[in-house]
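S.K.: Right, I'll just put the structure down here and ask away after.
We did not get these values from a lab; they are worked out from the coordinates using the rules stated. In this text, all values refer to a predicted model and were calculated from it rather than measured experimentally. All Cβ positions, glycine included, derive from the backbone under ideal geometry; neighbour counts span all protein chains shown.
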Amino acid sequence: MELKQTVENLLDVALESYPELFLVDLKVGADNSIKVILDGDNGVRLADCVAISRAVEHELDRDTLDFSLEVTSVGVSTPLQLPRQYKKNIGRKIEVTTTAAKTMVGTLVKADDTALELSWKTREPKPIGKGKHTVTKTAAVPYATIDKAQILVQF
């Protein structure tokens, strides 16, 4: 069995004990370097990474296979990839770039398995009279049209 498939199977078993965690990405290099990126509904603790790392490493035989294993959490600047990541970030400000090269910045107000909904405020000319007024706009964005989506960190 190929190393990547073996590691995927081991991760499936290990993550059954941690239902709040989920796999975001798995990379296996030609030199047998394994990189596992995790996310969690309530974040990922160092102890979670250690536990998953041990669960995988103890099932691989170092005597027959030379490998390196790195288990990390998604970084603050890592783009969102999975619907579950969007769902856990409802209420946060995000920047979404679509495949049509349109960029939107707004608050993530809703997310399901197929699309997300953004909301933002903008100033527009009044329909009658002079001046501008603030309006709230929303946009539904299907995941299939998203090129990149990233949480905007606010200080």
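S.K.: Taking the options A139, A111, name whichever one is surrounded by 10 or more Cβ atoms within 10 Å (Cβ to Cβ), within 14 Å of I90 (Cα to Cα) and free of Cβ contacts under 8 Å to residues at least 40 places away in the same chain.
M.R.: A111
S.K.: Still on this structure: Residue pairs, Cβ under 8 Å, 6 or more apart or interchain, first in region 46-67 and acidic (D, E), second surrounded by 13 or more Cβ atoms within 10 Å (Cβ to Cβ). List them.
M.R.: Pairs that qualify, where the first residue is acidic (D, E) and the partner is surrounded by 13 or more Cβ atoms within 10 Å (Cβ to Cβ), are D48/Y18; D48/L21; D48/L38; D48/G40; D48/S73; E57/L69; E59/L10; D66/N32.
S.K.: Conditions first: (1) under 14 Å from the mean Cα position of the chain (by Cα); (2) surrounded by 13 or more Cβ atoms within 10 Å (Cβ to Cβ). V76 passes all but one, so which condition is the exception?
M.R.: Condition not satisfied by V76: (2).
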